[in-house]
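A quick write-up on the structure given underneath.
Please treat every number below as a calculation from the coordinates, not as lab data. Keep in mind that this is a model prediction, so the values were computed, not measured. Neighbour counts are summed over all protein chains in view; Cβ atoms, including those assigned to glycine, are modelled from backbone coordinates with ideal geometry.
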Amino acid sequence: MLKLYNSLARTPQEFVPIEPGRVRMYVCGMTVYDYCHLGHARVMVVFDMVARWLRASGYNVTYVRNITDIDDKIIRRAAEKGESIRTLTDRFIAFMNEDAAALGVLRPDAEPRATEFVPQMLDIIGKLERNGYAYAAGNRDVCYSVRKFAGYGKLSGKSIEDLRAGERVDVQEGKQDPLDFVLWKHAKESEPAEAKWDSPWGAGRPGWHIECSAMSSQLLGPHFDIHGGGQDLQFPHHENEIAQSEGAHGDTFVNYWMHNGFVRVDDEKMSKSLGNFFTIREVLKQYDAEVVRFFILRAHYRSPLNYSDAHLDDARQALTRLYTALKGFDGVAAVDWHEAHAQRFRAAMDNDFGTPEAMEVLFDLAGEVNRTGDAKAAAQLKALGGVLGLLQRPAVEFLQAAPASGMSNEAIDAQIAARIAAKKAKNFADADRIRDELKAAGIVLEDGPAGTTWRRA
RNA sequence: GGCGCGAUCGCAUAGUGGCCGUGCAACGGAUUGCAAAUCCGUCUACCCCAGUUCGAUUCUGGGUCGCGCCUCCA
């Protein structure tokens, strides 16, 4: 049975769905005004893995990952580029989808855009107002009165008093309390019509947190199983979501909160504000997308993940070992869950999505394939890899996958033919020269019983 | 200042109260015309100090160092 670490309880808990056999999961996705970076890649890959494992475990999963397509940065970026908000966000949504697909991330069941759920947001704000949690601030914003919500801080482990003590927040005009957050921002002259919606509180646009309360309750109901996102969203974003959703619906919002760890560069968080980020497409110019996915899944989802070329190179070598074992076994394979490796794999995954341990099983299987040539072990390796969204290509395709620049396959084949001729003539000096030249070009030749094959080093 | 996380073999990442981690790299051997791949073997780690225990890398307390959140951020 599955145990997962619940951020809310700060401890691993047995997973019990609200409705037997069914899982409803919501994950905070991207704000679409720029290319996705590796941090975004991690969220997408991690929760893709979670959804896959839940499905492999027999659950009927409804997975929603939202898209934030209206906020300060988007408005500013669109203005800078001299284009409409919609044009900007449409473009980056398309880029995001390309990146996700490359990384083997399956489409969530729904990818709602914030701008399409404004009525639902207004509905929640209305309920909050009637329940006494919302108030119209002096500057015509509508704010949430944090002190009115008894459970405030339960997710992040913060108390209102501590937050006040360490207060570094600019006190925005109109707020009754510095910790209050905005539900509805009143429209400003400078903002485009595209960023304004009518509301009972005047024209304006949604605050950051309200969209997730609205979209999740609309698509999954007011009470659902799993809510995920990056660790940096735990506070204030998720804390505020709880305050909004529970304040409006009077119901428990989410049973299990999951937060993935950061991607780091030189032991520092990779982030937009630090400017130390690598975009996914930047990295994909240098590394195969499956290597990146493998790299992400090789670490536990809650651990920090240090990014560097050396680590990606290492991941590439490791994945190469797996694919090398799969050479010659390119059939479609289903998992035999009764088999011992599969059971270890399951136990690892059931232990808070222990992908690093699950991968050890993959390497054990690879060793067995190499030792025995057992087709069943190879099939099991490929099938279990598939549960993680890995190892599904023909092995040769991975091993020969061309980097941006490199020798063409035709040129390589020609050289190999020349070498074979040289070997036949016992002209080993020429044969070795060809081997060395190819090696210098990043091509490794492997002479086997079935002839010469090659791969890219 | 408040709250939280982490410190494991050369590198990276798991995990466990006593016995096999795993990948990469390195070294030796087998194999190969030479290689590569593969196999066998070697290298046998757990920040420091106390405590609990027959026994701690694993539990408890203290310390040191690193990181994160408290502000937009996946």
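Points to keep in mind about this one:
- Distant-in-sequence amide contacts of A:D69, defined by a placed amide H-H separation under 5 Å and a gap of 5 or more residues or a different chain, comprise A:A114, A:T115.
- Hypothetical label at A:R298: residues of the range A:377-397 whose amide nitrogen lies under 15 Å (7 Å Cα-Cβ projection): A:390-391
- Computed [θ] at 222 nm, deg cm²/dmol, chain A (DSSP H ≥ 4; -39,500 (n - 2.57); rounded to nearest 500): -13500 deg cm²/dmol
- A protection proxy built from the mean count of other Cβ atoms within 10 Å ranks the segments A:211-221, A:411-421, A:282-292, most packed first, as A:211-221, A:282-292, A:411-421.
- Residue separation of A:A334 and A:N427 scaled by 0.36 nm, minus their Cα-Cα distance, works out to 28.8 nm of gained length.
- Here the range A:18-260 is treated as a sphere whose radius is the Kirkwood value from Cα pairs; by Stokes-Einstein at 4 °C and 1.567 mPa s it diffuses with a coefficient of 69 µm²/s.
- Each peptide in A:52-64, A:298-310, A:227-239 receives the mean, over its residues, of other Cβ atoms within 10 Å, and ordering these scores from highest gives A:227-239, A:52-64, A:298-310.
- Under the simplified labelling scheme, the A:A401-A:R140 pair shows an inter-label distance of 5.3 nm, with each label point 7 Å from Cα along Cα→Cβ.
- For A:K376, the aspartates and glutamates whose Cα comes closer than 19 Å to its Cα, not counting residues fewer than 8 places off in the same chain, are A:D330, A:D336, A:E339, A:E360, A:D364, A:E368.
- The relative contact order of the range A:261-325, computed from alpha carbon pairs under 8 Å that lie at least 6 residues apart in sequence, is 42 percent.
- Sorted fewest first by neighbouring Cβ atoms within 10 angstrom, A:D251, A:D364 come out as A:D251, A:D364.
- For the pair A:R164 and A:E194, the difference between a 0.36 nm per residue extended length and the Cα-Cα distance amounts to 7.2 nm.
- In order through the range A:265-280: 3J(HN,Hα) via Karplus (6.51 cos²θ - 1.76 cosθ + 1.60), integer Hz, x for Gly, Pro: 10, 6, 6, 10, 4, 7, 8, 4, 5, 7, x, 9, 9, 10, 6, 4
- Among the listed pairs A:K382/A:K423; A:K3/A:K127; A:K127/A:K185; A:K327/A:K423; A:K175/A:K269, those beyond 27 Å (Cα-Cα): A:K382/A:K423; A:K3/A:K127; A:K175/A:K269
- A dipole drawn for the range A:307-457 from +1 and -1 charges on Cβ atoms has a positive end, and of A:N351, A:A401, A:A340 the residue lying farthest that way is A:A401.
- Candidate membrane-span-like segments in chain A, meaning DSSP H helices with Cα atoms spread over at least 20 Å of their own axis and a Kyte-Doolittle mean of 0.5 or above, are A:38-56, with no membrane implied.
- Note on the range A:17-67 and the range A:233-255: Cα centroid distance 18 Å, given to the nearest whole angstrom.
- Sequence-separation-based contact order of chain A, relative, with Cα cut under 8 Å and 6+ spacing, percent: 16 percent
- FRET efficiency for the A:Q317 to A:D109 pair, using the beta carbon distance and R₀ = 45 Å, is estimated at 0.80.
- Each peptide among A:67-77, A:426-436 gets the average number of other Cβ atoms lying within 10 Å of its residues, and from highest to lowest they stand as A:67-77, A:426-436.
- Within the range A:185-274, the trypsin sites (Lys or Arg not before Pro) that combine a DSSP coil assignment with at most 16 other C-beta atoms in a 10 angstrom radius are A:K188, A:K196, A:K272.
- Residue-span extension gain [A:D266 to A:D374] - 0.36 nm each, minus C-alpha spacing: 34.7 nm
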